[in-house]
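Undergrad: I'd like to ask some things about the structure below.
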Amino acid sequence: MSAVNDTKFQPAVFLLTGIPGLENIHVWISIPFFLIYVTSILGNSVILFIIKTDPALHEPMYIFRSMLAVTDVGLIISTMPTTLGIFWFNSREISHDACFAQLFFIHSLTLTESSVLLCMAFDRFLAICNPLRYDSILTMPRIAKMGLVSLLRGVVLILPFPILLKQYQYCQANMLSHSYCLYQEVMTMACSDIRVNIIYGFFITVSSVGLDVLLILFSYVMILKTVLSIASHAERLKALNTCVSHVCIVLLFYMPVIGLSVIYRIVKTSSPLLQTVMGNIYLLIPPLMNPIVYSVKTKHIRARIIRMIIK
């Protein structure tokens with residue numbers, strides 16, 4: 001009988017929160033969010049256009065950069081429509097299927113971006129530690145395979161998330177603390193035993209994002225070791241300067257990801273506002289800042305943007 005009652009009272013939708021405690025000024029908050037949305041799409045689109053139309057940029061480093069831009073655009077499109085819907089129209093309801101689809105795209109694209117950042121670290125490692133074999137190893141067919149593997153890795157590892165969630169019954173408590181769906185939070189809404197979800201989510205975090213972080217750190221240890229062996233101070237600075245952009249976007253991406261994981265898995269008493277702020281930083285700041293970092297730190301891209309503006 002209890003199972004029947006659970007099904008009867010199971011909510012058909014989840015309710016998205018927006019910014020908890022600041023509901024009265026959602027319209028004003030929507031202004032910076034909308035600007036971030038437009039700027040992220042425009043900035044990454046400009047980077048893609050420049051790389052596509054400039055033959056001088058058809059090199060491995062810039063090909064990986066274009067993969068990152070596509071992933072960033074996908075992330076921002078996956079999150080901002082529901083966020084702006086709450087701010088502008090108070091459209092807080094999202095069906096279970098739509099929620100599961102959204103969290104799939106958010107987490108699969110996040111994992112894909114992590115893979116691309118690892119590929120970019122490998123690119124820098126080869127360029128500095130083994131420059132004589134750089135062109136023979138990072139051929140265009142191999143780069144295409146690396147991009148495909150990055151995408152498939154994100155899809156295959158994250159696909160069980162919505163499949164597992166769809167099997168559960170959900171309690172009457174259906175209020176999510178974000179303006180979009182995240183796996184860590186949605187699974188806590190279930191009235192079932194979620195130990196499998198917790199174990200699998202932890203496994204994915206450690207074996208994918210955690211492994212990527214360790215491999216990126218290892219690549220930079222080897223890069224530093226190689227750079228410090230260079231006699232010329234000017235050459236050392238030149239070699240390190242080629243890594244600055246990548247280091248910046250790695251920090252912009254992984255610090256919020258790790259922070260959000262810590263909040264959900266360790267800091268159980270964190271406020272909903274803190275969770276919301278960290279969630280927004282995690283998903284909105286990298287797509288906004290990545291094109292800015294590359295525009296500022298990459299001379300060729302910066303020159304092309306200036307020429308486009310002058311014309």
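Undergrad: Could you identify the single residue in L84, L68, L35 that is closer than 19 Å to V116 by Cβ and assigned to a helix (DSSP H, G or I)? Full working, then the answer.
TA: On the way: L84 fails: closer than 19 Å to V116 by Cβ; L35 fails: closer than 19 Å to V116 by Cβ.
Just a single option satisfies the conditions, and that option is L68.
Undergrad: Output the helices (runs of 4 or more DSSP H) that fall wholly within segment 203-290 and possess 1 or more residues being under 29 Å from L16 (Cβ atoms) and at pLDDT 90 or above, or say none.
TA: Passing ranges, in order: 244-265.
So that you can scan it fast, the table gives a plain yes or no per residue for (1) touching an Asp or Glu at 6+ places or on another chain (Cβ under 7 Å); (2) farther than 25 Å from N90 by Cα; (3) touching a residue at least 24 places away in the same chain (Cβ under 8 Å):
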| residue | (1), (2), (3) |
| --- | --- |
| M187 | no, no, no |
| S207 | no, yes, no |
| I223 | no, yes, yes |
| L228 | no, yes, no |
| L240 | no, yes, no |
| V244 | no, yes, yes |
| V257 | no, yes, yes |
| V262 | no, yes, no |
| L284 | no, no, yes |
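Undergrad: With the structure loaded, tell me whether E185 is among the acidic types (D, E), more than 24 Å from T112 (Cβ to Cβ) and not in a loop (DSSP other than H, G, I, E, B) or whether it fails that test. Spell out how you get there, then give the answer.
TA: Values: among the acidic types (D, E): yes; more than 24 Å from T112 (Cβ to Cβ): no; not in a loop (DSSP other than H, G, I, E, B): yes.
Judged against the criteria, E185 is not a match.
Undergrad: Here are some conditions: (1) over 30 Å from G147 (Cα atoms); (2) surrounded by fewer than 21 Cβ atoms within 10 Å (Cβ to Cβ); (3) out of contact with any Leu (no Cβ under 8 Å at 6 or more places or on another chain); (4) not acidic (D, E). F87 meets all but one. Which one does it not meet?
TA: The failed condition is (2).
Undergrad: Those residues that are surrounded by fewer than 18 Cβ atoms within 10 Å (Cβ to Cβ) and under 20 Å from the mean Cα position of the chain (by Cα), I need them from segment 158-175; list them, please.
TA: If the condition is that a residue be surrounded by fewer than 18 Cβ atoms within 10 Å (Cβ to Cβ) and under 20 Å from the mean Cα position of the chain (by Cα), then L159, P160 are the ones that fit.
Undergrad: Might you check whether a residue that is of a type in the set (D, E) and surrounded by fewer than 18 Cβ atoms within 10 Å (Cβ to Cβ) occurs anywhere in segment 90-108? Step through it out loud before you land on a result.
TA: Step one: of segment 90-108, the residues of a type in the set (D, E) are 93, 97.
Checking which are surrounded by fewer than 18 Cβ atoms within 10 Å (Cβ to Cβ) leaves us with 93, 97.
Yes, segment 90-108 contains at least one residue that is of a type in the set (D, E) and surrounded by fewer than 18 Cβ atoms within 10 Å (Cβ to Cβ).
Undergrad: A further question on this structure: Return the residues of segment 208-221 that are surrounded by fewer than 16 Cβ atoms within 10 Å (Cβ to Cβ) and under 17 Å from N130 (Cβ atoms); say none if nothing qualifies.
TA: L215, F218, V221 - these are the residues of segment 208-221 that are surrounded by fewer than 16 Cβ atoms within 10 Å (Cβ to Cβ) and under 17 Å from N130 (Cβ atoms).
Undergrad: Among the numbered criteria (1) more than 18 Å from the chain's Cα centre (by Cα); (2) closer than 30 Å to I86 by Cα; (3) of a type in the set (S, T, Y), which single criterion is violated by Y254?
TA: The one condition Y254 does not meet is (1).
Undergrad: Right, next: Out of everything in segment 129-158 that is without any contact (Cβ under 8 Å) to a residue 24 or more places away in the chain and among the polar types (S, T, N, Q), what residue ends up being nearest to R65 (Cα to Cα)?
TA: The selected residue is T139.
Undergrad: For segment 223-238, give me each residue that is surrounded by fewer than 16 Cβ atoms within 10 Å (Cβ to Cβ) and of a type in the set (A, V, I, L, M).
TA: Hits for segment 223-238 are L224, L228, I230, A231, A234, L237.
The values are calculated or read from the model by the stated rules, or taken from the named source; none is laboratory data. The shown structure was predicted, so the numbers you read here are calculated from the model rather than taken from an experiment. Every residue, glycine among them, receives a Cβ derived from its backbone with ideal geometry; neighbour counts consider all protein chains shown.
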